[in-house]
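Asks: Below is a structure I'd like to ask you about.
What follows draws every value from the coordinates through simple rules; no lab data is involved. Because the structure is a prediction, the values reported are computed rather than measured. Cβ placement follows ideal geometry from the backbone for every residue including glycine, while neighbour counts extend to all protein chains displayed.
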Amino acid sequence: MSPSSGAPVSDATSPSTHPDRYKWIALSNTTLGILLATINGSILLIALPNIFRGIRLNPLAPSNTPYFLWILTGFLLVTSVLVVSFGRVGDIFGRVRMFTLGFAIFTVFSILLSVTWLTGTSGALWIIVMRVGQGIGGAFLFANSNAILTDAFPANERGLALGINGVAAIGGSFMGLVIGGVLAPIEWHLVFLVSVPVSLLGTFWSYFKLRDNGARTPSRIDWVGNFSFAIGLISILTGIVYGLQPYGGHPMGWTSPFVLSCLIGGVAVLIGFVLIERRVTEPMFQLSLFTSRGFAMGNLATLCLSLARGGLQFILIIWLQGIWLPQHGYDFAQTPLWAGIYMIPLTIGFLIAGPVSGRLADRHGARNFATVGLVLTGVSLVGLQAIPIDFPYPLFAALLLLVGLSMGLFAAPNSSAVMNSLPANRRGAGGAMLNTFQNSASVLSIGFFFTVIALGLSSSLPSSLLTGLTHQGVPLAQATTISHIPAIGSLFSAFLGINPVQQMLGPQVLALPGVHSQVLLGHSFFPSLIETPFANGLHMAFLVAAALCFLGAVFSWMRGPGVQVHPGTLRDEVAEGYASVGDVAMVEAGAGAEGDFVGTSVVAEGERSDSRGGESATKG
């Protein structure tokens, strides 16, 4: 029988035989998988200018905007849609088996991306389709990693394990910015090739070393629920993508009939999905899990932080690549590399705080750490909006470090608390729901924060462009035409670190007598034009992100002073899970406010489950 067959655990292969050795193998392998998926979720953000130059496609041409947006969001969209379904599939067919399949799929599509030879729109379509394939592999990894860890670690050590995994999840998204910035200027294919040896290692490592210790739930797949959920979420996310494009005389496309149809239709389908899931006996989306206050509030807190964090990445990239770095003498071609380097303090803060907060939460409970982390994140975002656009870097770096520390303080305790609240045979589905909130919120935040900043630009950018261009000798007629370019075009230019002035003016205008072409094509001219309009949207975006963090802190506090865990050894938990196989109603009808699960116990903050004795030992 293969190592990943997921058969019931025998004495010979029980996790109790070598529990310490196996749990660290599980942690190392799942952390590698999450790092792989999250790094690839963000690695293109800074690498896009080099990729578009490599496939010889102009990202600022209006007809190419859909390619730009789908390359940017396709990976996250697919993982958001499929992660819950694949978590349920893992509960049925084996979490390790599905996790290994995710590595294998990721390997295949990373190889295909790394040999991209097509150019123009064909090259863009190839990258989009292959990124969708990568997203399918990533969804398998996201969906089953938390469940594998929760099966492998006793309750009193899960905070540390899930904390390290959480560091990989969020830290990887910031590491992707650095890796993309370093590799893309060397050779843009390396952005995809770098994943191949990692995913190959993960495939063989998980196949031969991991085993399914958790309980399986033999049941049918909820095809109707899966289909309706996918259609609803795809419709909403598609509406968001096309809402970012200009429509008619409007700077954005939110009034487009197609966009409105996607958004309204998607919401309607998701409402129907909820009704379907309440009626079927074996639902894809375990709505009964939300009767646990810890599970529900933890997911809402995650949703709020993910909305804030996803927008934060884009704001920082635009700020650095499009404005600050060019104004400080960096060539536009070098801004992707230096933007990644200058954002390193954010990653360092997260890497420091994540594991430490996870271990402390195991001893003292999750609520205080997670709540304080969200409050500090909100405070640091308020600090970022208060500093000038042309900031002193030490101050900027200190605020980024604080953002990373505070996000790390939240992530590990929250993940541990959410997973501890789940019955043993619902961890795949429950962990996948948590990832769905994270990934869906990231895509939603792209649309939201791009819109906020674009609206800020549209209010004052035309006059700023007109004044700046005429001051440098550009004839009034040409300057007036250029000043009416859509705000989203200027925003994409800033995001990609591209100076669009040469393309907008053309060689004939630049050659006219009296036109100061050297100034117009210099590093600082275009950034100086958009600096003030950008600041209007920037301040609003940071304040909205801070408000989301403060709202998330309220949800985090509302999880209550108790955390739900399965006391006893891992063997006890597995036995309990198998005993409950077939019982899809894991929550007692009419559960009280605490939402206690059948077969779980509520342990007060400051208590932990003793993995050897199976008893709760009060701490200090």
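Asks: Determine the gain in length on full extension of the stretch Ile221-Val274; use 0.36 nm per residue of separation and subtract their C-alpha separation, reporting nm with one decimal.
Replies: 17.5 nm
Asks: Just to confirm a number: summing +1 for Lys and Arg and -1 for Asp and Glu over residues other than Gly163 whose beta-carbon lies under 13 angstrom from that of Gly163, what do you get?
Replies: +1
Asks: Given R₀ = 51 Å, what would the calculated FRET efficiency be for Asp390 paired with Lys209, taking r from the Cβ atoms and rounding to 0.05?
Replies: 0.50
Asks: Please compute the modelled spin-label separation between Val132 and Val196, points set 7 Å along Cα→Cβ, answer in nm with one decimal.
Replies: 2.4 nm
Asks: Further question on the same structure: Would you be so kind as to identify which of Tyr22, Ser199, Ser445 lies farthest towards the positive end of the dipole of the chain, taking Lys and Arg as +1 and Asp and Glu as -1 on Cβ and the Cα centre as origin?
Replies: So the residue we want is Ser199.
Asks: Using amide H atoms built 1.01 Å from N in the peptide plane, name the residues 5+ places from Met252, or on other chains, whose amide H lies under 5 Å from its own.
Replies: Hits under the 5 Å cutoff: Tyr247.
Asks: A further question follows. Show that you can apply the helix-only estimate: for the chain, add -39,500 (n - 2.57) for every DSSP H stretch of four or more residues, divide by all residues, and state [θ] at 222 nm to the nearest 500.
Replies: -24000 deg cm²/dmol
Asks: Right, here's the next one. Out of the stretch 171-231, which trypsin sites (Lys or Arg not before Pro) are coil in DSSP terms and have no more than 10 other C-beta atoms within 10 Å?
Replies: Arg220
Asks: In µm²/s, what is D for the stretch 308-371 at 20 °C and 1.002 mPa s, where D = kT/(6 pi eta Rh) by Stokes-Einstein and Rh is the Kirkwood radius from Cα pairs?
Replies: Using the Kirkwood radius from Cα pairs, D works out to 154 µm²/s.
Asks: What is the percent of Cα-Cα separations in the stretch 222-283 that go past 18 Å?
Replies: 42 percent
Asks: What is the spin-label model distance, in nm, from Thr119 to Leu260 if the labels are put 7 Å beyond Cα along the C-beta direction?
Replies: 4.3 nm
Asks: Oh, and also: Taking a quarter of the surface of the Cα convex hull of the chain, what do you get in nm²?
Replies: For the chain, the mean projected area of the Cα convex hull comes to 26.4 nm².
Asks: Taking Cα atoms, how many degrees apart are the long axis of helix 158-183 and the longest axis of the chain, rounded to 10 and kept between 0 and 90?
Replies: Tilt relative to the chain: about 20 degrees.
Asks: Another one. Could you give the length gained on full extension between Ser524 and Ser63, defined as 0.36 nm per residue of separation minus the Cα-Cα distance, in nm?
Replies: Between Ser524 and Ser63, full extension yields an extra 163.2 nm.
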